[in-house]
Amino acid sequence: MKRANSATSLILLPKASDGPNVSFDRAAALAETLPTPFLVLSTSRVHATIRTLRRCLPRVELFYAMKSNPDSELLRLVSGLVDGIDVASYGEVVLADAAGVSPERLFHSNPIKKESDIADCVRHGVRWFTFDNVDEIPKLQAQAPGADVLLRVAIQNASCVVDLGAKFGAQEREAVPLMIAAQSAGLNVRGVAFHVGSQSTDPGIYLTALLAARGVFDQAAVVGLELDTLDIGGGFPVTYRTEVPGLDEFCKVLSQGLTDLFPESVRVIAEPGRCISGGAMTLVVRVIGRSTRNGVPWYFIDDGVYGAFSGKLFDHCDYPLMPMKKGPTTECVVAGPTCDSIDIVARDQRLPELEIGDLLLVPGMGAYTKASATSFNGFVPPVTVVEPDERASLKRRRVGSRVGRMEPAGSRMAAEPLVDTGGIAARKAVGRPSA
Ligand SMILES: Cc1ncc(COP(=O)(O)O)c(C=O)c1O
């Protein structure tokens, strides 16, 4: 059990959850003026996660995988704290540019690219790309001659939720022939990339992956290719309803493996997404309708699997629902607001009897949630709210940075939370009602 930062509301956490980043009282106060659903961004959580990564992996450069959450406020904050941004498309390059990230800090990690996407990225100034098969080479040769490239190798991992090795990566035996072909095509082959799979729960998988990468480095050296860069991807897990090992534990295995297998002369970069964005946002939703079916209570809330809960489908993720109301709990069904029957948020979470208007907090809603949300049925995805005290650190950072939407001098800072106004405007435009 954890105590919320308010005297009157105790937050009963599912034991394993990393917890919400906003108290019930504060969420209720915000919901008095902001229509639900909304996501509360905790900048202190972001700072804390990145501090942990820096402390535990001192030699590793961090490239935030913005695919996990490209929210403009988050991106602006994170980009000021990390070394660069991992992008998967030109569309992400455009968003990173809007957040003030310069092109030399971008790394294109998608092994399969449309040729026009490569051309657009190169025109913007992106220099680093990943590939994992022979057909990618002529595309890069034509559009990105002389670019720095990493070969992605596949890692088999039974202990991850999103098995990226099933879709991407060359086999170890294919690696050096592919590197030779790329080098012959005039590309600058710099090293090896891997991703152990997202929401990976076994820290030991990093050692397996590092050994595979070491093997490729050694085989490449035999044919005269001196590799100097290793990309260890993402994969660090977040606790949702089931407890997972902490970041320190993962980093310990990784750090030791790097020390043992790769000299300091090898540049190591990582592409963490989920572990930075996941715990950084808590979703606030309202009950907007009720019914009883076969004796089981159903609660309809104002966000669902077509919105921020899209991670339930695409990310195979199960989020803890935390009711503001206390009392005896019963089995129930929690459903989203759309007219589709797939829009079910939870069937196995016990809740007290809820009424229309009641609030629920959903922690851990920062990664692969709003990023894949749609506006199906006219329900606009939740806006992002940055709390006032949290906003102060955001503003301090902006003042020191070259880019960003700086507040005009003397603007009011304290009273209201900073809201992603584009989203709010969009929501008003479609007249989304609040319960
Ligand atoms: C190439 C690449 N890098 C980084 C990431 C981020 O991974 P994670 O969110 O597990 O940290 C992904 C996720 O799909 C990816 O495909």
Residues satisfying the stated conditions in the stretch 374-399, i.e. assigned to a loop (DSSP other than H, G, I, E, B) and modelled with pLDDT of 95 or more
374, 375, 379, 380, 381, 382
Please specify each residue of the stretch 74-100 satisfying the condition of being among the β-branched types (Val, Ile, Thr) and within 16 Å of the ligand (Cβ to nearest atom).
78, 82, 85, 87, 93
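Against the definition (buried (at least 18 other Cβ atoms within 10 Å of the Cβ), in contact (Cβ under 8 Å) with a residue 40 or more places away in the chain and either in the same structural domain as residue 192 (by TED's automatic domain parsing) or not acidic (Asp, Glu) (or both)), how does residue 261 come out, yes or no? Break it down into steps so the answer makes sense when it comes.
Numbers: buried (at least 18 other Cβ atoms within 10 Å of the Cβ): no; in contact (Cβ under 8 Å) with a residue 40 or more places away in the chain: yes; either in the same structural domain as residue 192 (by TED's automatic domain parsing) or not acidic (Asp, Glu) (or both): yes.
Considered against the rule, which asks whether it is buried (at least 18 other Cβ atoms within 10 Å of the Cβ), in contact (Cβ under 8 Å) with a residue 40 or more places away in the chain and either in the same structural domain as residue 192 (by TED's automatic domain parsing) or not acidic (Asp, Glu) (or both), residue 261 comes out as no.
Go through the stretch 36-53 residue by residue and tally those that are more than 16 Å from the ligand (Cβ to nearest atom), assigned to a helix (DSSP H, G or I) and out of contact with any Asp or Glu (no Cβ under 6 Å at 6 or more places or on another chain). If you could, list the steps in order and put the result at the bottom.
Initial filter on the stretch 36-53 (more than 16 Å from the ligand (Cβ to nearest atom)): 36-44, 47-48, 51.
Filter once more, keeping what is assigned to a helix (DSSP H, G or I): 43-44, 47-48, 51.
Filter once more, so that each one left must be out of contact with any Asp or Glu (no Cβ under 6 Å at 6 or more places or on another chain): 44, 47-48, 51.
Total satisfying the criteria: 4.
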Could you tell me whether any residue of the stretch 226-239 is more than 17 Å from residue 210 (Cβ to Cβ), surrounded by 24 or more Cβ atoms within 10 Å (Cβ to Cβ) and modelled with pLDDT of 95 or more?
no
Close pairs from the stretch 266-280: first touching a residue at least 12 places away in the same chain (Cβ under 8 Å) and charged (D, E, K, R), partner part of a loop (DSSP other than H, G, I, E, B) and away from the ligand (no atom under 12 Å from the Cβ), Cβ under 7 Å, at least 6 apart
267/228
Residue 363 passes all but one of (1) away from the ligand (no atom under 16 Å from the Cβ); (2) farther than 17 Å from residue 27 by Cα; which number fails?
(2)
Using the structure shown, decide if residue 325 is surrounded by fewer than 22 Cβ atoms within 10 Å (Cβ to Cβ) and either of a type in the set (A, V, I, L, M, F, W, C) or not in a loop (DSSP other than H, G, I, E, B) (or both).
no
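Quick check, is residue 127 more than 18 Å from residue 182 (Cα to Cα), of a type outside the set (Val, Ile, Thr) and not assigned by TED's automatic domain parsing to the domain that holds residue 316? Write out each step before concluding.
Working: more than 18 Å from residue 182 (Cα to Cα): no; of a type outside the set (Val, Ile, Thr): yes; not assigned by TED's automatic domain parsing to the domain that holds residue 316: yes.
Answer is no for this residue.
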Across the stretch 193-212, which residue is farthest from the ligand (Cβ to nearest atom) among those that are touching a Leu at 6+ places or on another chain (Cβ under 6 Å) and within 19 Å of residue 149 (Cβ to Cβ)?
193
Checking residue 238 against (1) of a type outside the set (D, E, K, R); (2) touching a Lys or Arg at 6+ places or on another chain (Cβ under 6 Å); (3) in a helix (DSSP H, G or I); (4) closer than 26 Å to residue 153 by Cα: exactly one of these is not met. Which one?
(3)
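The values are calculated or read from the model by the stated rules, or taken from the named source; none is laboratory data. Just so it is clear, the structure is predicted and the values come from calculations on it, not from any experiment. Note that each Cβ is placed from the backbone with ideal geometry, even for glycine, and that neighbours are counted across all protein chains shown.
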